[in-house]
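The values are calculated or read from the model by the stated rules, or taken from the named source; none is laboratory data. This is a predicted model, so every value here is computed, not measured. Here Cβ is always computed from backbone atoms with ideal geometry, including for glycine, and neighbour counts include all displayed protein chains.
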Amino acid sequence: MINVQLKKGIYLPSAALWLDPKKTVPLGVVTHAHSDHAGWHRETIATPATIALMKARKTAPSRTIIHELPYFTPWERSHARITLIPAGHVLGSAQVLVETEEGSLLYTGDFKRRESLTCEEATTRKAETLIIESTFGLPRYSFPPSEQTHQRIIDFCHRTLESQENPVLLAYSLGKAQELMAILSQAGINPVIHESVAKISAVYEEHGIDLGSYTVWDKVNHEKKVLILPPNVRSSLSSLKKIRSAIISGWAVNEGAIYRYQCDEAFPLSDHADHGELIEHVEEVEAQKIYTVHGYTEEFARDLRYLGIDALALGGVNQLELLL
Ligand SMILES: [Zn+2]
């Protein structure tokens, strides 16, 4: 079974490979372009779309060696074979299958199994060891059907426009914003988007994703329009007279989300797996050993142990002592 260590992130000694390392390492896989996972390493492995999204945000240092690895294309290095498969999280997001003489390991990175309008649908591979994200690793995180949430968002936009107010959808500029653009486009709504969203959207379009018609916000062109803004630029909303805002996040499942995010509505559209999807993934991979990372790691690992699966939270305080 492949030895897993925590050292500047997830480290696999038998492959001399890091998975989504937090610091610069000799050889690292970046599963997707969200800033908590993406970084340039001396040798960086990622899908072509992830590389393009990373470059849109930050130029790679000149000494960086980039290995663009399309899905389902094995890459071999020092007794290890690395294959990226779709993760369904954002454009270019990948799960990592690592095979060495010690065995096989699948790392999900951030993933979801539900369909998306703007990225590749997740697939599964069997592996002896599974490292799975557990952001929403509690049973109460069960998302409603996507179509239902899409319709609620569209209704909110129409309702707000009819009352002579601007609907403002607060969503991360990479992934969630583009999904919203595609949802609105299907309903015939052409939004006004923040420039940070536009920069990422251009990469999506270069990769063949249809985001419909939209304009970039210039602070005055929002009359009778739906705005899509990242939550961190809320302060610039002062130039708008009458707005109703909505946070678009899996955390909307929590009671009181509108107070936490200081907005009028909250819609549970997520790019992560909910608890049921996490369990489905575990069942399909059929791993003998599971490590959980991110979010409710200890709770989800405990649930899996109750199901008779050998699972530990990677980075959990007690479990970490055992591992090292
Ligand atoms: Zn992510």
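Can you pull out every residue in the stretch 67-105 that is out of contact with any helix residue (DSSP H, G or I) (no Cβ under 6 Å at 6 or more places or on another chain) and among the aliphatic types (A, V, I, L, M)?
Listed by number, the residues that qualify are LEU69, ILE82, LEU84, ILE85, ALA87, VAL90, ALA94, VAL96, LEU97, LEU105.
Look at the stretch 10-38 and say how many of its residues are in contact with a strand residue (DSSP E or B) (Cβ under 8 Å, 6 or more places away or on another chain), touching a residue at least 60 places away in the same chain (Cβ under 8 Å) and of a type outside the set (A, V, I, L, M, F, W, C).
Number of matching residues: 4.
Hey, can you tell me all the residues within the stretch 265-277 that are within 15 Å of the ligand (Cβ to nearest atom) and touching an Asp or Glu at 6+ places or on another chain (Cβ under 9 Å)?
LEU269, ASP271, HIS272, ALA273
Among the residues of the stretch 89-112, what is the count of those that are within 14 Å of the ligand (Cβ to nearest atom) and either on the phi > 0 side of the Ramachandran plot or at pLDDT below 95 (or both)?
Summing the residues that are within 14 Å of the ligand (Cβ to nearest atom) and either on the phi > 0 side of the Ramachandran plot or at pLDDT below 95 (or both) in the stretch 89-112 gives 2.
Would you check which residues across the stretch 135-179 are assigned to a helix (DSSP H, G or I) and within 16 Å of the ligand (Cβ to nearest atom) and list them?
Answer for the stretch 135-179, where residues must be assigned to a helix (DSSP H, G or I) and within 16 Å of the ligand (Cβ to nearest atom): LYS176, ALA177, GLN178, GLU179.
Within the stretch 219-238, how many residues turn out to be under 11 Å from PRO167 (Cβ atoms) and basic (Lys, Arg)?
So the count comes out to 2.
All but one of (1) within 13 Å of the ligand (Cβ to nearest atom); (2) surrounded by fewer than 22 Cβ atoms within 10 Å (Cβ to Cβ); (3) not in a loop (DSSP other than H, G, I, E, B) hold for ALA52; which doesn't?
For ALA52, the exception is condition (1).
Consider the stretch 59-91. How many of its residues are surrounded by fewer than 12 Cβ atoms within 10 Å (Cβ to Cβ) and either outside the structural domain of ASP20 (by TED's automatic domain parsing) or charged (D, E, K, R) (or both)?
2
Would you check if ARG159 is in contact (Cβ under 8 Å) with a residue 24 or more places away in the chain and charged (D, E, K, R)?
no
Just to be sure, is ALA246 in contact with an Asp or Glu (Cβ under 7 Å, 6 or more places away or on another chain), within 25 Å of LYS112 (Cβ to Cβ) and modelled with pLDDT of 95 or more?
yes
Mind listing whichever residues of the stretch 195-224 are under 20 Å from the mean Cα position of the chain (by Cα) and part of a loop (DSSP other than H, G, I, E, B)?
HIS207, GLY208, ILE209, ASP210, LEU211
Pick out the one residue from VAL216, VAL253, VAL220 that is surrounded by fewer than 17 Cβ atoms within 10 Å (Cβ to Cβ), assigned by TED's automatic domain parsing to the domain that holds LEU161 and either of a type in the set (Gly, Ala, Ser) or at pLDDT below 95 (or both).
VAL220
When you scan the stretch 92-119, how many residues do you find that are within 12 Å of the chain's Cα centre (by Cα), assigned to a loop (DSSP other than H, G, I, E, B) and not hydroxyl-bearing (Ser, Thr, Tyr)?
7
Residues to consider are HIS41, HIS67; find the one that is in contact with a strand residue (DSSP E or B) (Cβ under 9 Å, 6 or more places away or on another chain) and assigned to a loop (DSSP other than H, G, I, E, B).
After applying the criteria, what remains is HIS41.
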